[in-house]
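> Here it is, the structure, as structure tokens.
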Amino acid sequence: MSSSTLSDHSLTGQVLIGDQIPAAYRIDRSGFVPDGVPAVLVKSTSIDDVRNAVRYAAAAGLSVVVRGAGTGLAGGASAGTGSLVLDVSGLNRILEISTDDELAVVEPGVITASLDAAVAEFGLRYAPDPASAAISTIGGNIATNAGGLRCVKYGVTGDSILGLSIVLADGRLIHTGRRTAKGVAGLDLTSLFTGSEGTLGVIVGATVRLQPIPVNTVTVAAYFDDVDQAAAATTAALAARVRPSLMELLDEASLRQAQDHLGIRAESAGAFVVAQTDGFGAHAEAEILESAFRQFTSRVMVGDDPQAADQLLAVRRAALPALERHGRVLIEDIAVPRSRIAEAIRAVTEIAEGHNTAIYTFGHAGDGNLHPIIVVPEHDPGAYDRAVASADEIFGTALELGGTITGEHGVGVLKRSWLERELGPDAGDVQRTVRRALDPSGLFNPGKTI
């Protein structure tokens, strides 16, 4: 394939072929390595670049793998033989901020934290806050319907998406949704494409909902003797009908690693929970949270200034970097009913012991979304196989407890074999029918998710 051949087919944007393509474009943050290498890389900076790339791939018999920052954790952006990698990170403009309507119009390559910072100047914020917010793109967040710490109160990415602009498999550009606060005209195509992991079309624009920055924020943190007490405390807080903006839990092992990584004096505990309340009623709600936590522990801390909040949240934010010091990490992602969090964590501990594998569990206690992090030491030849076997049991446990195999990371390649077990054959068939209707030739992201 020559550059002249590519030009003849009206590819635009920066185009690289074959061995010109950097190896990083084959993989995402999951570490999954596909067979072979992509045929073409298109770095797009306009919607026309995207439409031309899609049309070219269809004519050339290549599949299209859309890529933003490559921060996905399920192999959804991995690209191998016979693929055209469509990099949309260059579509990175904030096109509009409407303070009156509390919305923004953005391109998919906008970094999530950059949008949040831009709208903060107007007393607003973009509520979704995935852990990767500083490096992930809005388009990638929409593609996986990413979650984050503030999901308890503000929901996942999809709850903040009003409308999308999408390039379909035949090159057509469509617009879904609207700019109004509500609207029910026609099928909800915005929700259909949100979380579709690049299998139905290419997201080239989004209209997103903004929220006022809360006037008050109070942070409540507590150490517990064990996970059961911590889970019971979070359940008691929610039963009191408080809706904190975030409520995070670390098990003993991940707490110990985070404290060591931060170089702080270790507080011996079986579990750690940190929560925040916000808005005009933040202090009143924090008092209820504190009271709920004190039913199970006396080690409760409350802070209502930014510095105190940062200190209390630092332990939670340090958990993953702390584990990455010890080898490759498999960042798993399950969700269970909130009432069964303690059961899930105990089961993960048993799985770790049964497979002689190091697994550290932390996550979003407010919505039951847990992240069992499996550490694969570099010089242990059998560690990866044991990790895979452990992950398999973890997914089974999630389903047994009435949960799901993924709360926010998506299915991609790594969880595809488990998806049918969760959906069932009939629901799976319906989803494949929808996919074929929009992409009959299987152009977009073949071998991923459904």
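> Extending each Cα 7 Å along its Cβ direction at Arg421 and Leu192, get the distance between those two points in nm, one decimal.
That separation, rounded to one decimal, is 3.0 nm.
> Between Phe122 and Ser10, what length in nm is gained on full extension when 0.36 nm per residue of separation is reduced by their alpha carbon distance?
So the chain would gain 36.2 nm between Phe122 and Ser10.
> Considering the convex hull of the alpha carbon atoms of the range 312-389, report its projected area averaged over all viewing directions, in nm², one decimal. Can you show the working numbers first?
On the way: hull surface 21.1 nm².
For the range 312-389, averaging the hull's shadow over all directions gives 5.3 nm².
> For a protection proxy built on the mean count of beta-carbon atoms within 10 angstrom, sort 255-264, 338-347 highest first, please. List each step's numbers first, then the result.
Numbers: 255-264: 18.2, 338-347: 21.0.
Result, highest mean Cβ count within 10 Å first: 338-347, 255-264.
> Right, here's the next one. For Gly163, enumerate residues with amide H under 5 Å from its amide H, sequence gap 5+ or separate chain, H modeled in the peptide plane.
Arg178, Thr207
> Mean separation of Cα pairs under 8 Å and 6+ residues apart, divided by the residue count of the range 301-450: what relative contact order is that in percent?
Values: 173 pairs, mean separation 34.7, N = 150.
Relative contact order for the range 301-450 comes out at 23 percent.
> Just to be sure I understand the curve: with the Debye formula and one point per C-alpha of the range 217-400, what is log10 I(q)/I(0) at q = 0.16 Å⁻¹?
The calculated log intensity ratios at q = 0.16 Å⁻¹ are -0.93.
> If you plug each phi of the range 81-98 into the Karplus form 6.51 cos²θ - 1.76 cosθ + 1.60 with θ = phi - 60°, what whole-Hz ³J(HN,Hα) values come out, in order, with x for Gly and Pro?
4, x, 10, 10, 8, 9, 8, 9, 5, x, 8, 10, 9, 8, 7, 7, 10, 9
> Name the residues whose placed amide hydrogens come within less than 5 Å of the amide hydrogen of Ala269, ignoring near sequence neighbours (fewer than 5 apart) on the same chain.
Residues meeting the criterion, in which the H sits 1.01 Å from N, do not exist here.
> Continuing with this model, one more query. Tell me, what is a quarter of the convex hull surface for the C-alpha atoms of the range 94-147, in nm² with one decimal? Spell out each step's value before the answer.
Values: hull surface 13.6 nm².
Average of the hull's projected areas for the range 94-147 equals 3.4 nm².
> If packing is taken as the average count of other Cβ atoms within 10 Å, what order do 162-172, 202-212, 419-429 fall into, highest mean first? Kindly include the intermediate steps, with their values, before the conclusion.
On the way: 162-172: 19.1, 202-212: 22.4, 419-429: 12.6.
The peptides rank, most packed first, as 202-212, 162-172, 419-429.
> Here is a further query. Give the peptides 371-378, 439-446 in descending order of average Cβ contacts within 10 Å, highest first. Present the calculation step by step, with values, prior to reporting the outcome.
Details: 371-378: 20.8, 439-446: 17.8.
Output ranking for 371-378, 439-446: 371-378, 439-446.
> Collect residues whose amide H, placed 1.01 Å from N in the peptide plane, falls under 5 Å from the amide H of Ile27; neighbours closer than 5 in sequence don't count.
Those lying under 5 Å, H to H, from Ile27 are Ala79.
> For the range 94-212, what are Rg and Dmax over the alpha carbons, in angstrom?
For the range 94-212, the Cα-based Rg and Dmax read 13.2, 41 Å.
> Right, something else. Have a look at the DSSP beta bridges in the range 3-87 and tell me what percent are antiparallel, nearest 5. Don't skip to the end; give the middle numbers.
Details: 4 of 13 bridges.
Percentage antiparallel, nearest 5: 30.
> To continue, here is another question. Give the separation of the Cα centroids, the range 338-369 to the range 126-152, in Å.
Here the answer is 23 Å between Cα centres.
Throughout, read-outs are computed from the coordinates displayed, never taken from laboratory work. Remember, predicted model here, so these are calculated numbers, not experimental data. Note that each Cβ is placed from the backbone with ideal geometry, even for glycine, and that neighbours are counted across all protein chains shown.
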